[in-house]
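The values are calculated or read from the model by the stated rules, or taken from the named source; none is laboratory data. Treat the numbers as computed from the prediction; the structure is a model and nothing was measured. As a convention, Cβ positions derive from the backbone with ideal geometry for all residues, glycine included, and neighbour counts pool all protein chains shown.
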Amino acid sequence: MCWRMDTWNAARIVAISRWVKEDIEHRYGRKDIRVIYNPILIRENEVVEFDSLGRKYGMERKRYYYTVSQMIPHKNLMTLIKVMEKIMRQKQSGGENPAQNAAEAEGNPLPCRLLISGVNGHAAQELKRQIADRKLQDIVTLTGFVSNEERNTLYQNCHTFLFPSVFEGFGMPPVEAMLFHTPVITTQCASIPEVTQGKAVYVKDPYDVDEWIARMRDVDSAQASTSGTGEDSGHNLEAISGREADGTCDSRLRQDPGTIAERDRDDGLDFAVYAPERISRQYLELLKEPVWKKR
């Protein structure tokens, strides 16, 4: 009701992504909406020493998965719990197929460790119960609140950043992780392909445990093929990103990564799109307009 009243009464409406703009247009019929992205405020030098965090959470550099999320249902963290459970079971059983066994024999097993940072939400207790019931206390750690510097260090040193959310108006965490040149696996839902500019690795079905593990193996193989060469693994990841959605998400929750106007670089995200100075100028320009006049 509040959103509908806003679309009736507001002199101007700002949407934080094109997906949000199109959603408002579709649901409420308001057409004069301006898109101004959220600014990404973190800096690469705002980090702490990894060793202390490694000891605190019992993990090694590049041998853990990481996600940042509020613990609410649409963040889809339960899927990651199931993913880590299956990885643990596969490790205990020695793998499910010859190709997987060969990868394990070459000393390239998937990390069996997941850190989740974020403040509690109303699904927190259920997540904690599921972790305990599945005996994953040593595999999955809920860090609770972490400082910006600690979060950035965890972004920087994780194997892959996982973002399973099925609904985002913007979605800062995957963009922040990519600032640290960290591979990101995420979904094709809502605004996520738009703000990640088609540069992440995307699952077709956000609830499919086996597909998540397959994409995790793809990323691991891409990283392994470039390790020790000094080459950025981003080009290898391009081959497994931008996969077409198959209808698991509502069609209005998807974007075509190839249509993003700001995507003007082939070697990674165009972070200038989210520069605070650029965003500030856009808002200042908006405030110069006679917004006090009625439509």
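Output the qualifying pairs, or none if there are none: Cβ atoms under 9 angstrom, residues six or more apart or on different chains, first residue in the stretch 215-235 and part of a helix (DSSP H, G or I), second residue at pLDDT below 85 and basic (Lys, Arg).
Arg215/Arg243
From the list Glu168, Glu150, Glu176, which residue is part of a loop (DSSP other than H, G, I, E, B), within 18 Å of the chain's Cα centre (by Cα) and among the acidic types (Asp, Glu)?
Glu168
Quick one: count up the residues across the stretch 199-217 that are surrounded by fewer than 23 Cβ atoms within 10 Å (Cβ to Cβ) and among the small types (Gly, Ala, Ser).
Qualifying residue count, the stretch 199-217: 1.
Hey, Asn45 hits all of (1) surrounded by fewer than 16 Cβ atoms within 10 Å (Cβ to Cβ); (2) touching a Lys or Arg at 6+ places or on another chain (Cβ under 6 Å); (3) not hydroxyl-bearing (Ser, Thr, Tyr) but one; which does it fall short on?
Condition not satisfied by Asn45: (2).
Out of Thr186, Thr182, Thr196, which single residue is of a type outside the set (Phe, Trp, Tyr) and either in the same structural domain as Trp19 (by TED's automatic domain parsing) or surrounded by fewer than 24 Cβ atoms within 10 Å (Cβ to Cβ) (or both)?
It is Thr182.
Tell me, yes or no, whether the stretch 45-61 has at least one residue that is closer than 29 Å to Gln125 by Cβ and touching a Cys at 6+ places or on another chain (Cβ under 8 Å).
So far as the stretch 45-61 goes, no, none of its residues is closer than 29 Å to Gln125 by Cβ and touching a Cys at 6+ places or on another chain (Cβ under 8 Å).
Filtering the stretch 196-210 down to residues that are in a loop (DSSP other than H, G, I, E, B) and farther than 12 Å from Pro174 by Cα, which residue is nearest to the chain's Cα centre (by Cα)?
The extreme case among them is Pro206.
State yes or no: is Ile40 at negative phi, outside any loop (DSSP other than H, G, I, E, B) and surrounded by 18 or more Cβ atoms within 10 Å (Cβ to Cβ)?
For Ile40, the condition - at negative phi, outside any loop (DSSP other than H, G, I, E, B) and surrounded by 18 or more Cβ atoms within 10 Å (Cβ to Cβ) - is not met.
Which ones in the stretch 4-37 are basic (Lys, Arg), part of a loop (DSSP other than H, G, I, E, B) and loosely packed, with under 15 Cβ neighbours inside 10 Å?
Correct list: Arg12, Lys31.
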